[in-house]
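Data block below; observations after.
The values are calculated or read from the model by the stated rules, or taken from the named source; none is laboratory data. Since this is a predicted model, take the numbers as computed values, not measurements. Positions of Cβ are backbone-derived with ideal geometry, glycine not excepted, and every protein chain shown enters the neighbour counts.
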Amino acid sequence: MANVEEQGGAKLVTLQINGDGHHLVVEPQETLREVLQDRIGLTGVKEMCDRGACGSCTVIMDGRPVLSCMMLAIECGGHPIETIEQLNSQEHPLIQAYADNHAMQCGYCTPGFVVTAKALLDKNPDPSEEDIKTALEGNICRCGTYPAHIGAVQDAARKLKG
Amino acid sequence: MSEDVKIMEYEPLVRDRYIPEKFQFLGKRGISRMDGVEKAGGTAQYTRDVNLPGMLFCKVLASPYANALIKNVDTSKAEALPGVRAILRFDDPELQDKILLGENTKFNAGHIASDGQAFYHGKEELAVTQEQWIQGAGRVLDGFAWWEGAHSGVAIAAESLQIAEEAIRLVEIEWEERDVVLNPIEALKPGAPPAAPELNDGKNLLRKIRIEHGDAEKGFQDADKLIEFDIRRRPYTAADGEPMSNVILWRGDNLEIWAHQQQPYDGKCLLSAVTGIPLNKIKLHVPFQGCHFGHGGNPFMHHTHGFHVISAILSKRTGRPVKTLYNRRENFYGLSQDADSHTHFKVGFKDDGIITAVKIDNITAKMGQYGIDHFEDNTRIPNLLLNYVEAQTNFAPAWWMRCEQNHNSFCFSAVFAHVADALGMDPTQVALKNDGVGGKDMEYLSKFKKDHGFPDRDSLAEVIEKGKTAINWENKWHEAGKKMLPNGKLHGIGFTWDHEWDDNRGAASAGLIMHCDGTVDILAQKADDGVNPMTTNCEIVAEELGMKLKDVNWRFFEETGFQMMTPDGSCNLCTDAYVSCNMARKAKKTLLEYATTPVKLIEIEYPPAFPDHKPEDLDVKDSMVFVKADPENSVPVAEVVKRATLNQNGTQAPLFEWAYQRQGRYGCEEGRHRLCRQGYFAEVEVDPDTGEVDVKKIVSINDVGKALSPETCEGQQYGGAYMATGRVMGEEVIYDPKTGVRLNANLVDYKVATFRDIDKTENILVETGMGYGPYGLVGIGEDCATVIPFAVANAIQNAIGEWVDDHPATPNKVIQAIQKAKEKGVF
């Protein structure tokens, strides 16, 4: 371990991802997106802009939506991280609601929207249209599916409330 | 193939007259997207996600200069970097004959690719010869660059992306910089620097075209009024979601490719043509596609085959799979076809709004598009004249980008808007007065519809009526520059229109297998471009076969021997849907024959499910075959197929049919008139102090002929509205005027429209059944994003009383226009 650090500042970190601990030696410059996508294989985390402009790589960390392309993995040890894969494995109602509402076209950016919306619903189980726009306004969908997201998030909110 | 099922021949006027009264799936709302859970749940695999064991990562050097020649290359430091596995230099002997087919060509071969697969049917269909095409191209990795970011010089494969990037930085290149010219008007002046010295003898003039219909001069003489004006459209790009990438693996003599590409089979053909690898030794995988909007299908672009050749050579040399990736900046290199266009208009018209002549003088950067087509296709204007000049510049290459008709739509809308403004007339009335086709009026078009079995409906009138109601036009339209709102902003409202041009063309084929459990597979490969093609084509097959939708599936990622058109879900659905529809009708016929025909195996005869009936006695619904006269007498489809297949020891192929469709090379052959019209209204508020424009509402009214999937059509409508709003309000790839270096090649500084950029969209579908596609459909995906920009531009003019004649209409230009309006005393 010490030897690794001496050779370039790499560091052993334990990332808490979707409830599992991942022990990794990461370089100081490696972003959380690179580690999640390229090294752990969580390809639901998408690279689009790679500089914090589009939201496609959004994950939930400490309960908040964060842009994993703007986070250095080396700083993320000990912080619980939730990715789209977790939502999928739990069959979160947002996923079916997005399919039912056609809130996607090519789908490349969609996991980023879903994760951002999940973070919203965790804090606000009954969001208004304005709340949803505020939560999702940082995400880019080049296909322009924005209007469909409102119905999808509200459908999921209704299902979550039972 | 069954002989009594009619497959449409290549006959422009033939159309589907089979319009069932009742559909179970088609046209119905509430059908979930079949790929929705995969996409929303993050399990949909894109090319970017493909990760093979032992895979190397490849980066290609992007030229830092817009016009430069490589004098010397030193790769020694990169070679010494641990983790670097192979370096490919432009002077490598294996690259000397590896031509990039078409990039930077001096010929506009756009019509070649518009045929899709048909392009490969024979050389006689090429608009230019292959030799000419090659002449204008260069190689997949060359020793010069004609635009900043051009893939040139060196490609490096390494153990990780980071190592490949670092190795590229370590390459030392001695460049000879050359003068840059960006503006096509400047490029055509005597003494202008050659933008591509290796091409066309260093001349920047690429094409000159003159098209005239009627007599424009006489049309101007017949006019009551004449106007002249100029408009410029600056370059913009797709800014597509998934940056370009590929993965290539050599296995023995065979090559496997995973492609992020709009027309992947085209890419395979190009790869084969360049490398000499036979097509049957290239295996193509097409994962989901992170959108292209046409940009991804450009056979002229490096990403369609240039970097496939690079990955292939590196994979062969290393014995490992190679993934070549563009980063966001590198991906920012394709420009729309109307970049950078300078257009002068002269228009003559009567006092009642009838246009008598249009003259368009058009100068564009390379691979431009001229603007006369829609006047030909869509109006009764008898006198048209186009002078088009195309110049080589040091802008990045241009190509179709939702879509190839951008400049046609732009010019069309501009003329109608300026005529209405000059007359002080309601622009919807000017549109209705000039609607027609090929210089002929609506009376002619009405007769055409009746003669060819179409419903005789006035599509434009219907579209306008619905749109005016939706946006409250009668109460909101006003004299330009004359409505200040209580919030201190200027109110504006605009309208424009067009037809749907991409309503039928190209070639497609698919197979259909019905398994012995009664489920159905559609067999065809395509890139997942367009909106919701998977569900829509499954709906068609289920509808025509009488199956439950859950029993039909289409996984279009692998080669099956059949290729469907891409994109799909809207425009190319006009071709693909014929394939799905026809093969399903054939399969149903075969199924009912199975249900009534015994299977004899040596000495044993196995009875069919309905031994006492003929096929015509039966029908299929909800995946059950039943006797029409006694619906209770039914058996599952699975049982019918099982009897016919497993009774023969399971060695016989399951029920299989296929269909092919080719129709309309360009979709607009002479005498094959477009009948469905599209209308768009926009409402804006403009801050007179800052020039900021708020888009309050966009209403899209689209005559889709028949909406097979309403949610899909609406997706095109609001999706197009957002893309269009970005285009008119701010999308521009900004180049340093001195160096030609792109200054905003990222998604922070290149502004696309997002959630807050339109307050409200309203989407209205009109179904006249006047399309050439099956069920009378046309597509609208091309139309919305392409035409709406000028609806917003017209609304801005209505707000401020002056035209913004340099697009995009960014706040600084809006302010300048407001100043002009003030000087004219508008307010």
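Considering only residues that are facing another protein chain (nearest Cβ under 10 Å), surrounded by 18 or more Cβ atoms within 10 Å (Cβ to Cβ) and more than 12 Å from B:Ser700 (Cβ to Cβ), which ones fall in the stretch B:752-767? The answer is B:Val752, B:Ala753, B:Thr754, B:Phe755, B:Asp757. If I ask for residues that are within 18 Å of B:Asp49 (Cα to Cα) and hydrophobic (A, V, I, L, M, F, W, C), which ones from the stretch A:88-119 would you list? Once the filter is applied, which keeps residues that are within 18 Å of B:Asp49 (Cα to Cα) and hydrophobic (A, V, I, L, M, F, W, C), the stretch A:88-119 yields A:Cys106, A:Cys109.
In the stretch A:143-160, how many residues are closer than 26 Å to A:Met70 by Cα and within 11 Å of another protein chain (Cβ to nearest Cβ)?
In the first step, residues of the stretch A:143-160 are kept if they are closer than 26 Å to A:Met70 by Cα; the result is A:143-146, A:149, A:153.
Imposing the further condition that a residue be within 11 Å of another protein chain (Cβ to nearest Cβ) reduces the set to A:143-146, A:149.
Residues flagged as closer than 26 Å to A:Met70 by Cα and within 11 Å of another protein chain (Cβ to nearest Cβ) within the stretch A:143-160 amount to 5.
Would it be correct to say that B:Thr739 is out of contact with any Lys or Arg (no Cβ under 8 Å at 6 or more places or on another chain) and surrounded by fewer than 24 Cβ atoms within 10 Å (Cβ to Cβ)? Yes; evaluated as a whole, the condition is true for this residue. Of all residue pairs spaced 6 or more apart or on separate chains, those with beta-carbon atoms under 6 Å, a first member in the stretch A:125-142 that is facing chain B (nearest Cβ under 9 Å) and over 21 Å from A:Pro93 (Cβ atoms) and a second member that is of a type in the set (Ser, Thr, Tyr) and assigned to a loop (DSSP other than H, G, I, E, B) are A:Ile140/B:Thr754.
Please return the ranges of helices (runs of 4 or more DSSP H) entirely within the stretch B:158-259 where 1 or more residues are over 22 Å from B:Leu88 (Cα atoms) and either touching a residue at least 40 places away in the same chain (Cβ under 8 Å) or within 14 Å of chain A (Cβ to nearest Cβ) (or both). Walk me through it before giving the result.
Details: elements: B:161-170, B:184-187, B:216-222.
In the stretch B:158-259, B:184-187, B:216-222 are the helices (runs of 4 or more DSSP H) which contain 1 or more residues that are over 22 Å from B:Leu88 (Cα atoms) and either touching a residue at least 40 places away in the same chain (Cβ under 8 Å) or within 14 Å of chain A (Cβ to nearest Cβ) (or both).
Restricting attention to the stretch A:49-82, the residues that are out of contact with any Lys or Arg (no Cβ under 7 Å at 6 or more places or on another chain), without any contact (Cβ under 8 Å) to a residue 24 or more places away in the chain and over 21 Å from A:Lys123 (Cβ atoms) add up to 3. Taken over the stretch B:538-582, the residue count meeting the criterion of being more than 14 Å from chain A (Cβ to nearest Cβ), more than 21 Å from B:Asn702 (Cα to Cα) and touching a helix residue (DSSP H, G or I) at 6+ places or on another chain (Cβ under 6 Å) is 13. Could you please find all residues in the stretch A:50-72 being within 13 Å of another protein chain (Cβ to nearest Cβ), surrounded by 20 or more Cβ atoms within 10 Å (Cβ to Cβ) and over 11 Å from the mean Cα position of the chain (by Cα)? If the condition is that a residue be within 13 Å of another protein chain (Cβ to nearest Cβ), surrounded by 20 or more Cβ atoms within 10 Å (Cβ to Cβ) and over 11 Å from the mean Cα position of the chain (by Cα), then A:Asp50, A:Ala53, A:Cys54 are the ones that fit.
Tell me, please, whether a residue that is assigned to a helix (DSSP H, G or I), out of contact with any Ser or Thr (no Cβ under 6 Å at 6 or more places or on another chain) and more than 22 Å from B:Cys581 (Cα to Cα) can be found in the stretch B:475-498. Within the stretch B:475-498 (the criterion being assigned to a helix (DSSP H, G or I), out of contact with any Ser or Thr (no Cβ under 6 Å at 6 or more places or on another chain) and more than 22 Å from B:Cys581 (Cα to Cα)), the answer is yes, since at least one residue qualifies. Suppose we filter the stretch B:27-47 for residues that are of a type in the set (Val, Ile, Thr), part of a loop (DSSP other than H, G, I, E, B) and within 7 Å of another protein chain (Cβ to nearest Cβ); how many remain? Residues in the stretch B:27-47 being of a type in the set (Val, Ile, Thr), part of a loop (DSSP other than H, G, I, E, B) and within 7 Å of another protein chain (Cβ to nearest Cβ): 1 in total.
Every test in (1) among the small types (Gly, Ala, Ser); (2) part of a helix (DSSP H, G or I); (3) more than 13 Å from the chain's Cα centre (by Cα); (4) within 14 Å of another protein chain (Cβ to nearest Cβ) is passed by A:Gly112 save one, and that test is (3).
With respect to A:Gln37, is the statement that it is crowded, with 20+ Cβ neighbours inside 10 Å, assigned to a helix (DSSP H, G or I), of a type in the set (S, T, N, Q) and out of contact with any Gly (no Cβ under 6 Å at 6 or more places or on another chain) true? Even if it seems obvious, please write down each step before you answer.
Values: crowded, with 20+ Cβ neighbours inside 10 Å: yes; assigned to a helix (DSSP H, G or I): yes; of a type in the set (S, T, N, Q): yes; out of contact with any Gly (no Cβ under 6 Å at 6 or more places or on another chain): yes.
Yes: the conditions hold for A:Gln37.
Looking only at residues that are at pLDDT below 95 and among the charged types (D, E, K, R) in the stretch B:331-371, which one is surrounded by the most Cβ atoms within 10 Å (Cβ to Cβ)? For the stretch B:331-371, the residue satisfying everything is B:Lys366.
Here is a yes/no grid of residues against (1) among the polar types (S, T, N, Q); (2) within 13 Å of another protein chain (Cβ to nearest Cβ); (3) crowded, with 21+ Cβ neighbours inside 10 Å; (4) under 9 Å from the mean Cα position of the chain (by Cα):
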| position | (1), (2), (3), (4) |
| --- | --- |
| A:Val45 | no, yes, yes, yes |
| A:Met48 | no, yes, yes, no |
| A:Cys76 | no, no, yes, no |
| A:His79 | no, no, no, no |
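Quick one: which residue in B:Ser446, B:Ser459, B:Ser509 is of a type in the set (Gly, Ala, Ser) and either surrounded by fewer than 18 Cβ atoms within 10 Å (Cβ to Cβ) or within 19 Å of B:Lys697 (Cα to Cα) (or both)? It would help to see each step written out before you state the result.
Values: B:Ser459 fails: either surrounded by fewer than 18 Cβ atoms within 10 Å (Cβ to Cβ) or within 19 Å of B:Lys697 (Cα to Cα) (or both); B:Ser509 fails: either surrounded by fewer than 18 Cβ atoms within 10 Å (Cβ to Cβ) or within 19 Å of B:Lys697 (Cα to Cα) (or both).
None of the others qualify; the one that does is B:Ser446.
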